[in-house]
Every structure is written in C-alpha cells, then in structure tokens.
C-alpha cells in the first residue's frame, strides 16, 4: 500500500484494516467480472440460441454460475469487506482479528471456485435457485460467515462509545441471520417433495432479504452521512425499519409459489407480509432521501450518486415486489421475464449500486488513493443507463409474455414476441458489463495507484470516526 | 461480559433469537409438515431409468426455463388440470420452477409422446420448431457410422445433421426421454355434473362452424411442432399436410380418426415416416378437432370439404 508515501493526507487507517478491506474488494471485483461476463453470454443466448453449443457453455449450467457467482462471490465478500471496515471505523478501534478476516476470505473463494467448477461440470444441488452450490460448498460458505460474525462482534465489542452505531445493527445482524438461513437450507430431513417447495420459498427470499438488504442498508447508514457531512435524517426511523424488516421479511417467502399446491393460508400470509414490507421499505428509503434533500451540491460528482440510485432501486424494486405478490397481478407477471427484471432492479440497482457507493466513498479513505471523477462518472452512467434498459425491456416484454398467455395464444407466440426485448436486454447488459470493466480499473487505482485522496475532512456529525 | 456490551447482546442476540424463531416457523415447520404429503391417487415413483433421466434434467438445468406446476388459472389450463399436493410426493428435488421461458412440462408425456420427436428436439430444437430458443444438447447423443443392430438413427434434417455418420441417442438422452414421457398427470376423478372432459362441447357453445382464427391457433398449439407452421412436416419423419391425400379426401373419416387416435408407420405416396402421432381424443374437444381439421383442409393449397364437431363426434362414437 502506497498511502504512507503521502504524508500530509488525512490520517490513514491502520495498515491491516486497509489491506483486509482492499483484498475483499479486489477479490469481489474479479468475481464480478467473471459472473457478469457469464451473464452477458446468457443474455445473448436468448437471441442466438446456438451460440457456444457445448456442455460447459450451456444455458442450464451457466445460469446458476451467474446467479451464485454474483450473490456469493461478488456481492457477499464486497459487502463483508465494507462491513468489517465500517465496524472498525465506527467503533474507533482496529479490526478484532486480521487472521479471521483472511481465513474467511480464503474460504469464500474456495467455495466460489469449487461451486463454480462443479456447476460447470453439471453438478448442482437440484436446480434449487440461489443454492445450487453443492451442500459441502455451501457449508464452507456458512463457516466463513461464522468466522465473519465472530470478527465483527469482536470488533464492535471493544468500541469506544456506549451506543452501537446503527450500521452495525444491520451488518452484524445480517451475518448472524444468514448463518441460520444457510443451515436451514442445508439440512435435508424436511425437504422432501412439497416440503422442499416450502423451504425453497423460504430460502429464496431470506437469502436476499436477510442478507443483502440489511448489509446494503448498513453501508448506506455509514457512507451517506460521511459523504454529505450531516447526520442521518432519523436514527429512530432506522431502528423501526430494522425491527420491521426482521419480523416481516421471513414470512413472505411463499409468494414465489403463489397458486402452487402449497397451502393456501401460507400463500395468503406471504401476500399480507409482502404488503407489510412497505413499512420498512418506505421508512428506510425516506430516511435516506430526507438525508439527501437540499444536498445537491454535495451529491454532484460524489459517490453519493450511486447511493441515490441504490435507494431509489430499493424503493421501486421492493414496492414492485409487493405489487407482484398480489393475487390479481400474479397471473400476468409470475413465471415471466418480468421477474428477471425485478431481480436485477433489486440485486443490481439496489445492492450492487450500494456496494459501489460504499467502495467509492470508503476505500479512498482507507488507502488514501482515489479514482478520477471522470472514470467514476463513466462507470456510473454505463451501469445506470444499462440497468434502466435492462429492467425496462424485461418489464415490458414480461408483461407482453403474460398477456400472450392470458389471451390463449399458442405458447410459441410468447417466445417469438420476446425477441426484441431480449435483444435490448443484452444491450443493457453489455453496457452494465462495460461499466464493470471501468469499476475494476477504478478499484485498481484506489488500491495500487491513482490520485491522492484530498485531505478534506469528511468527519460527519453524528457518525463515529 | 462488561456492562458496556449489554446493548450489543440485546440487539444482536434479541434479533437473532427472533429470526431463529421465524426461520423455524416459516422454513422448518412447513417443511416437516409438507414433506409428509402422501402421494395422490395414481401418483407412482419413477423407474430407475426415468429417475436417471430426471437427474439429467436437473444436471442440465432444464428447470430454469420449464415449470412443472399447473396453476388453477385459465392461463394454465392448456397444460393440464391444476397441480395437487399429492402430485409431488416422489419429486425430490422439487422442480416446480420459477420461469416459463419454455412451456410447462407437467404433461409433456401426454402432449408429445413420440420418442423420435423428443430425440430430434433435444438434439437440435430448431430442427422441429424453427422459432424455438431452447439450447441444443448434442452432447447427449453420439455420432456413429451405422446405428447399432435393431436401433434406428435420429432422423435429423440435413441442415442440422453431421457431415459424416448418423446420430444415435446416448444413454443419457434415452434416460431423459424416458423421464419426459413419464411426465403425465394422473387424471382426477371429477363429479359428472361439472365434467370438463375432452370430447364434451362446452355448454351453450355456438353451433358448429369453422372458426379460422381458432383453427390456426389450435394447429399452432397442438400440431405445428411436428407438421410445421406451414404444414410442411419434416421429410421422412413427420408427413407434410400440404397436398396430403388423407387431408384432401372428400370423406374426412380417416383424417378425423387419425387426429382422434394417432397414427404410426403409415406409408404415404410410397414414403414411410419415422415419427409417431399421439392420439388427441383425450386432449381436446370435438369442436377443437373440427377447427384444426378445417384449418388443414383450407390451408397450404388444400381444398377439401370442411367438417363439423358432429362429424368428429360420430367418428369418436365408433370403436
């Protein structure tokens, strides 16, 4: 790390914490490039189905590599790196254990490599979405989370202030809850036939809502006040969103299987709590947006723009999830490409933009090096325009697909009608991937070179350290 | 533990305890309860070969584009009766699916029972359905000089066939097709009063007549995968319907009986065809069969007398 060669900059963080944060970010970025390149191949296969006809490049194998890769090899370690940094800095202390952090990162990468290779050879855990990695691979991942929880708790336990900063509620809670999610999904005894449908409904949504959502919100609660140099609008609103998200989210999983043979009351319960989710979603989003109000001059050319996109995607994507869960709209959208657009609005527009906002805001503070505004801007616009094209094309196309089915058209008509939307999706995906290349370049500058971070004091009122 | 960390334990321990309770309530308990769902009437476990085929289905990720769940919605009625809990008793891993880029496969064994079509379609979907975007699975097949004794080659049309040799299904392709053909919903015993059994005309239906739009739509749904959207078929596998003597015959009896009961091994104009046609008697109504036949009899240069639902009913009544 070269920050020590730049005396006069803001006080650099202790080298160990910086190295850990940078390593998690770099590792995650490598997987982002791989997993989204795979995503781009998948998108093109909808328009050119005979592109790369070989077992290792087949759609059915690559799809799980894309989803699991983006979930567990990109977004997870990137958010864990941010969580470790936020835990140490907000506690005014160092990291509890660098060894735990290194072992956890190594385990995540071992899991990602084993999981990806096995999937490409055709070994998956039963086409169960987002848990296709073989059971022992997911056990390695779960163990890495146990080490991470230990490290995070050890770090905040030695904090200076009496209060536990809100970010840590979200991030450490996410790690602890997700250990439970992974274990529930691993044990086989109650996953037979329809029983597995129920567990899959539970898993699909809890893996997202109890893991990525609270981690990303935890990053917002730390990075946004830092960037805008003002406290979060309402600490209490953040606490309300924390507890309501905790209680409402675990109950809505069955909405992935509406009109299925799952018990009707379970489906109804899932719909009710899908609507209840508006409370934490609107509460949380309003909190961030009200923090940003009137701060246009600070938002401009700031990583806060990534957070703005992230908050809006969180608001729209989650509200969209609520609407999709209504029985009157399910017949139009369920099982169509609309759902894929929804997944990308949330996992990309919300979670991935949250990571970028966090990395651009905090990594330069750690390393003392930053990427030029122009490069960050190019990344921002490529990814933003790309994801808008992606989500819009699949939302419109998916609606047409559902309406084709409803008017009783021959099935193949719904395939033919999708062609232009699939092409636009691939174009949007291409822009997104180009953005990732720029992001990787920017990460390399923030870690190994680039401009010296300005010495501007970003100490924010109401945020520790 | 210091007093300093009491709030840490309260927040993280409390929320984790709440979450553990919810995870058990919404994940584990429904799992335990529903794992014990008994098989429905007529639901049987798979044979060893079908189970091996199901493993191929999982391994190749078929479930990402094909559902195996029929919802109680009009949208899904073409795929079968609504799925019931007992249908899934022997289905682990569950393959209900979350996307329907391709059609639902709950009843593919009824809809598409011909092994020849299945093999051609797996080897290269676009050899039978030009608009299909399904991946081709040539690695489930082998290229040989001569098919083994007693077996026949997969009749892949020229543009898709290898330059040298012929295609024969490998063990994995045979197992997969055995599994697909086993995908048939056991029928539901329904009270006669609300019977929607195929064959019965819907109550209050308009008098029999040729609805050209319905005929074209039904043909696309039920016939075009083999006979082609333009009725051209696949030479040597699925007969062309354009100019076909049965389709153009003044007496529609043979055509009606072919649609009702299926057909295999028929020689037409001196050519034999490898594909087998499934029976449609139990799948669609007399009116729908009449609409399909009338579409065939008035398209692609065919000009033959039209039929009515009553004609179909008359043939259906005969043994």
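Data table
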read-out: Interatomic Cα distance distribution for the range B:45-125, bins of 5 angstrom, percent; value: 3, 13, 21, 30, 21, 10, 2, 0
read-out: Structure-based [θ]222 nm, chain A - -39500 (n - 2.57) summed over DSSP H runs of at least 4, per residue, nearest 500; value: -23000 deg cm²/dmol
read-out: Equivalent ellipsoid semi-axes - Cα gyration tensor, the range A:3-452, angstrom; value: 34, 24, 23
read-out: Within chain B, helix-based [θ] at 222 nm, where runs of 4 or more DSSP H residues each add -39,500 (n - 2.57), nearest 500; value: -9000 deg cm²/dmol
read-out: For residues of A:184-191, the mean tally of beta carbons on other chains within 10 Å; value: 5
read-out: GNM flexibility winner over chain B from B:55, B:250, B:274 (Cα, springs under 10 Å); value: B:250
read-out: P(r) tail fraction, the range B:208-317 - alpha-carbon pairs more than 20 Å apart, %; value: 31 percent
read-out: Per-bin percent of Cα-Cα distances, the range A:51-125 [10 Å]; value: 18, 37, 24, 14, 6, 1
read-out: Length-normalised contact order of chain A in % [C-alpha pairs under 8 Å, at least 6 apart]; value: 20 percent
read-out: Peptide-level mean, for B:34-43, of C-beta atoms on other protein chains within 10 Å; value: 4
read-out: Ranked by how many other beta carbons lie within 10 Å on average, peptides A:318-330, B:275-287 from highest; value: B:275-287, A:318-330
read-out: Rel. contact order, % - alpha carbon contacts under 8 angstrom, at least six apart, chain B; value: 16 percent
read-out: Three-way shape label, the range B:48-182, alpha-carbon gyration tensor, a/c 1.5; value: prolate
read-out: Nearest 10 degrees, 0 to 90: helix B:212-222 Cα axis against chain B principal axis; value: 60 degrees
read-out: Chain B: most fluctuating residue of B:28, B:225, B:154 per GNM, C-alpha cutoff 10 Å; value: B:28
read-out: Per-residue mean of C-beta atoms belonging to partner chains within 10 Å, peptide B:215-227; value: 2
read-out: Gaussian network model of chain B, Cα within-10 Å springs - most flexible of B:239, B:103, B:159; value: B:159
read-out: Inter-part distance where the range A:249-275 and the range A:311-373 are each reduced to a Cα centre, Å; value: 22 Å
read-out: Cα-only Debye scattering, chain B: base-10 log of I(q)/I(0) at q = 0.10, 0.15 Å⁻¹; value: -0.68, -1.32
read-out: For the protein assembly as shown: rounded, prolate or oblate by the Cα gyration tensor [a/c cutoff 1.5]; value: prolate
read-out: C-alpha long axis of helix A:353-367 to longest principal axis of chain A, angle in °; value: 20 degrees
read-out: Packing-based order for A:391-398, B:8-15, B:42-49, A:214-221, using average beta carbon neighbours within 10 Å, highest first; value: A:214-221, A:391-398, B:8-15, B:42-49
read-out: The range B:208-317, relative contact order [Cα under 8 Å, separation at least 6], %; value: 33 percent
read-out: Compactness index (Cα Rg / 2.2 N^0.38 Å), the range A:331-427; value: 1.44
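Read-outs: derived from the displayed coordinates by stated rules, not from any lab. Not measured: the values here are computed from a predicted model. Note that we place each Cβ from the backbone using ideal geometry, even for glycine, and neighbour counts take in every protein chain shown.
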